[in-house]
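The block underneath contains the structure these notes are about, expressed in structure tokens.
None of the figures in this text is laboratory data; all of them are computed from the coordinates on show. This structure is a prediction, so every number in the text was calculated from the model and none was measured. Note that each Cβ is placed from the backbone with ideal geometry, even for glycine, and that neighbours are counted across all protein chains shown.
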């Protein structure tokens, strides 16, 4: 596979997953806000903080009014990570490698693009409850995954897209979890209160993990949820699971056995995966959840850089 | 749907005779049309355009700030050609491509035709499309123009005339293929009843032709594109997808020991045949335009060493220059000893004094074209232009006579189209595609371009043209 094509497939995977997760971000916050006592103000700042784009936000806006934050996260073309930007970039990547996609896949990506265009025209971020729109976006992306799952040959291209999707998902799960850290409870006494409980529940629902969590862990308690979302061996959105699968993709691409490593990307992801594999939730709490997640995000970024230098970087063709 | 009031007197109409009778090859379609409601036709039209959008059948318009991508409007009323007419077109196109290929081989090698003064040597040797680096070269299998998209029009007399030869990188074939898919869905039953010759095997034929250019048992083939900002990018990726080959950019390729390689995730992989959709001048910055960012340094040396084949071969542009066009009938006679089967449009060469004088005196009756411009740019349609425009072109011609030719205005034939005000005639041209591999083959179909504006003769997609599916009947 052409290096350039592999790179576009990888980024197609990442941007689609990013767009889907932004739909989830909005959803989690909406859920949270609805459960707040009336005297408590809506909190939209944590959402911006969790996406890592607070600096850009503050350059453009003042205050954290709901429509404004929502616009920033969804339709603001100047925010490189907004849902619109991600979908545009996903489509751009798909367009560049269209010859590598099935006709159906391309058409669904194209549809998604027009869905966002329509949403933009209708100014959905100003609606009282725009969740239906985000649900639609999420479903369209899930449809794409389903389509790929049942039609794409398990050759290099498949693994590069999966790789992009899984690394993005690991990053975004860590950020969704981080939203909770940023949300302030009225006072420290509220930790463990019904309000706190509601927050955690909303968070689980946003990753479609509520029922699974219930079945596996029973009671809602913060350390259980952190373990579930970071370390769980079976939940497909847990950070450990994503890294383990991403590592498998890398091995399939290089054709190496499941043990050891053949290149720096495999080495780095193997180290991180085994670190998580042999951690328990106390290791996380002792570092501090936010700090722990921060470090994790940096490491995932580093792995992405290594994948780039291993597989995607082109030699200048003037040097012969 | 009603066709009363349809005017077929002024021009040759493909469906109706001057007297308003239905031409035999349109009979079945006419029956269908007379039974269907206009509401239904509008629905079919709507869903055809919707499908185009969903498929991303777009082309890019340069310098257009309404966003880069546009849809080429597909009118759902087909343009139908009876088999007898097609047979003649087929024979004429084969003859023409055959002769032009011999001409290219000759002007880059022995130059017999120039020595015999059948074609003025300075016209060829001074042409900016005559690529000196190609001198003495014979491309793989001796083929220069592998893919040709000849433009034809039909004048008042119903006769076909060749308008342009398009031997460089003719585009539009993807529209022929995708339009057919859409139109098939619009008229499933009619399609069966009519007996329309298929075009869908074009990508398979194209691939076979490209593979034929290499002597390897399993040659690696790629389509070379300038990238997503090129106006025909949709087509480049479409053809790569349909052939199942790589779509490469210049940056993907590098040359080592006069061989061309693709940069893949598994290292370098040699590429043997390149269907290049970038212009000659941009192929190799070391040989041609040094500023080219699209090409591959050293690739021309690899081509000269016979390690890679190009389709079309670099240098074909010299034969589809609008001034050389005037000599094509003589070129056919010179190499094949045959009379041309298809006519040229009478052409005045402004480089020749008598012709120039005639052009300057009759500019209000002529179409003036720049010899090296494409896409309907640099063109004057005399009868439809103002005095100021006439003056401007007169000045341009006097300053640079070699750059201009002129032709009488042909009245392009009309075909019924679905418009906002019901069915009305619009002018069309015809672009069939010819593949030259083991043998020369004309694909039984074409891109029919339509001037969507009433009365307009400009069919170019970049200037408000649309398209039609073109049916060549078995009988």
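Based on Cα positions only, what radius of gyration and what Dmax would you give for chain B, in angstroms?
22.6, 69
Taking the convex hull of the Cα atoms, report for segment B:122-208 its projected area averaged over all directions, in nm².
Over every viewing direction, the Cα hull of segment B:122-208 projects on average to 9.6 nm².
Express in whole angstrom the spacing between the alpha-carbon centres of segment B:192-255 and segment B:443-463.
Cα centroid to Cα centroid, the span is 24 Å.
Do you know the relative contact order of segment B:195-336, to the nearest whole percent, from alpha carbon pairs under 8 angstrom that are 6+ apart?
The normalised contact order for segment B:195-336 reaches 21 percent.
If you take every DSSP beta bridge whose two residues both sit in chain B, what share of them, in percent to the nearest 5, is antiparallel? Walk me through the intermediate numbers first.
On the way: 47 of 65 bridges.
Antiparallel: roughly 70 percent of the beta bridges in chain B.
Against the 2.2 N^0.38 Å scaling, with N counting residues, where does segment A:3-312 land? I'd like the Cα-based Rg ratio to two decimal places.
0.99
Could you tell me how many degrees, from 0 to 90 and to the nearest 10, lie between the Cα long axis of helix A:264-277 and the main elongation axis, the longest principal axis, of the Cα atoms of chain A?
40
Is any residue of segment B:41-55 close enough, with backbone N under 15 Å, to a label point placed 7 angstrom from the Cα of residue B:71 along the Cα-Cβ axis, and if so, which?
B:42-55
Quick one: divide the alpha-carbon radius of gyration of segment B:213-260 by 2.2 N^0.38 Å and tell me what you get. It would help to have the intermediate numbers written out before the result.
Numbers: Rg = 12.2 Å, N = 48, 2.2 N^0.38 = 9.6 Å.
So segment B:213-260 has a normalised radius of gyration of 1.28.
Can you give the FRET efficiency for residue B:191 and residue A:291, using 1/(1 + (r/R0)^6), R0 = 56 Å, r = Cβ-Cβ distance, to the nearest 0.05?
Numbers: r = 67 Å, r/R0 = 1.19.
Efficiency at R0 = 56 Å is approximately 0.25.
Multiply the residue gap between residue B:218 and residue B:266 by 0.36 nm, knock off their C-alpha separation, and tell me the result in nm, one decimal place.
15.4 nm
In nm, give the distance between the simple-model label positions of residue B:19 and residue B:32, each being 7 Å from the Cα along the Cα-to-Cβ direction.
Result: 2.7 nm between the two label points.
Note the angle between two axes, namely the Cα long axis of helix A:156-182 and the longest principal axis of the Cα atoms of chain A, as a number of degrees from 0 to 90, rounded to the nearest 10.
For A:156-182 against chain A, the angle is about 20 degrees.
Would you mind pulling out the separation of the Cα centroids of segment B:348-407 and segment B:75-122, in Å?
25
For a bin width of 10 Å, list the pair-distance distribution of segment B:348-408 built from all Cα-Cα distances, rounded to whole %.
In order of increasing distance, the bins hold 27, 63, 11 percent.
I need the semi-axes of the equivalent ellipsoid of segment A:1-155: take the C-alpha gyration tensor, multiply each eigenvalue by 5, square-root it, list largest first in whole angstrom.
Calculated on Cα positions only, the semi-axes equal 31, 16, 13 Å.
Extending each Cα 7 Å along its Cβ direction at residue B:362 and residue A:262, get the distance between those two points in nm, one decimal.
7.2
With both bridge residues required to lie in the protein assembly as shown, what share of the DSSP beta bridges run antiparallel, to the nearest 5%?
75
For chain A, calculate the relative contact order in percent as a whole number, restricting contacts to Cα pairs under 8 Å that are 6 or more residues apart.
24
In µm²/s, what is D for the protein assembly as shown at 10 °C and 1.306 mPa s, where D = kT/(6 pi eta Rh) by Stokes-Einstein and Rh is the Kirkwood radius from Cα pairs?
53
How many nm separate the modelled label positions at residue A:34 and residue B:257, each set 7 Å beyond the Cα in the direction of the Cβ?
A separation of 6.7 nm, rounded to one decimal place.
Test of understanding: what is the full-extension gain from residue A:154 to residue A:107, defined as 0.36 nm times their sequence separation minus their Cα-Cα distance?
Result: 14.8 nm gained on full extension.
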